[in-house]
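Quick note: the coordinates plus some simple rules give every number you see, no bench work behind them. Computed from a predicted structure; not experimentally measured. Here the Cβ positions follow ideal geometry from the backbone for every residue, glycine too, while neighbour counts run over all protein chains shown.
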Amino acid sequence: MGGYFENDSGGSLTVQAINFGNCPAVAAYTPGGEIGRAAIVGESDSANGILGESHGLTGTALSGGTAGTWGDIGDGADGKAAGIIGAADNSVAGYFENDSKKSGAVTVLAVNDAPGKGTGLFKALMAISPDGTCGIGSGGSLTCTGQVKALATTGGDARRVETYAMESPENWMEDVGSGSLEHGVAVVTIDPDFAETVSETADYHVFLTPRGDSKGLYVTHATATSLEVRESGGGTSSPAFDYRIVARRRGYEAERLTDVTETYNTAMKAVELATTPRATALSLPRLRQQARSGESMPVRPSGPTTRLRATRPPVSPSRHSTANTPKPSEK
């Protein structure tokens, strides 16, 4: 172990690292790459195991919470930084696992508290690949430049095949059902729960399929709660039929091929700014080279630093015996 620090104080930091220059305050590097080997491990019971801060703390960080690792980025970064960044060449850049036994405990929670209802295509989550973008935006909307798919099983669970969501220029919802004519007429009651999710007007479409011989079927007396199906030509037969009701989603009646070009370009520009490589005074490859060669790291010139004043005397490690601690000459 290169170094060990312990603190049994109730209100003092164990290690505080501050760098006033343009390079990391702490750099941890572990060669090899065996599974399970980490450069930094953050563990917490009642406080943050590791707290990383840049451009000042945010109000979110001050509002409370406990984390094994907490990365915090304040204002002033011009969209070119992040609270936590994970990078990989031929591996997974970020991995999250949850073995919580609590019902409803999520593995990953993404929250955006910024105001502005109805704006932001990727407000809560944004995923980008070389051939497209998909994310969760304002109002919980899923927005993708590619296809929306589900994977179904076939061949006795031996194969996975893609199924595709239907898309439309307008926001439609639909319900299907069956009925039977009696002497040429039938009344279909619209499901009350479905009726509450669609436009309050009777501006909906009904598609009928007779399940027996008839002169044809048509719809009349359509209201927000029911509709009447009749046989054409004054027929009085009693065939069964299927129906499909398609109505606009309530609250989204006016939407049709909404132009989001400007919003999309703004989102992509922000990503471009955040991911553009920027020259730093001390890059991670440089740190690795120094770690291998034993070259000394750059340090801040000595001088008065009010931000590093000790707040209390050092705590002696009374809980641990020092009998077996090697002396400097024995190391």
Quiz item: Can Asp175 be described as part of a helix (DSSP H, G or I), within 33 Å of the chain's Cα centre (by Cα) and of a type in the set (Asp, Glu)?
Solution: no
Quiz prompt | Near pairs, Cβ below 7 angstrom, 6+ apart or cross-chain, from the range 209-222 (within 16 Å of Val187 (Cα to Cα)) to any residue that is part of a loop (DSSP other than H, G, I, E, B) and among the hydrophobic types (A, V, I, L, M, F, W, C) | solution = Ala222/Ala202
Quiz item: When Thr143 is evaluated against the numbered criteria (1) out of contact with any Phe, Trp or Tyr (no Cβ under 7 Å at 6 or more places or on another chain); (2) farther than 19 Å from Ser238 by Cβ; (3) part of a strand (DSSP E or B), which criterion, by number, is the only one it fails?
Solution: (1)
Quiz item: If you check Ala114, Ala152, which single one turns out to be more than 28 Å from Asp203 (Cα to Cα), part of a strand (DSSP E or B) and among the small types (Gly, Ala, Ser)?
Solution: Ala152
Practice problem: Can you give me the number of residues within the range 118-142 that are closer than 21 Å to Tyr252 by Cα, in contact (Cβ under 8 Å) with a residue 40 or more places away in the chain and not hydrophobic (A, V, I, L, M, F, W, C)? | Solution: 2
Quiz item: Would you pick out the residues in the range 163-203 that are of a type in the set (Gly, Ala, Ser), surrounded by 16 or more Cβ atoms within 10 Å (Cβ to Cβ) and farther than 12 Å from Ala240 by Cα?
Solution: Ala195, Ser199
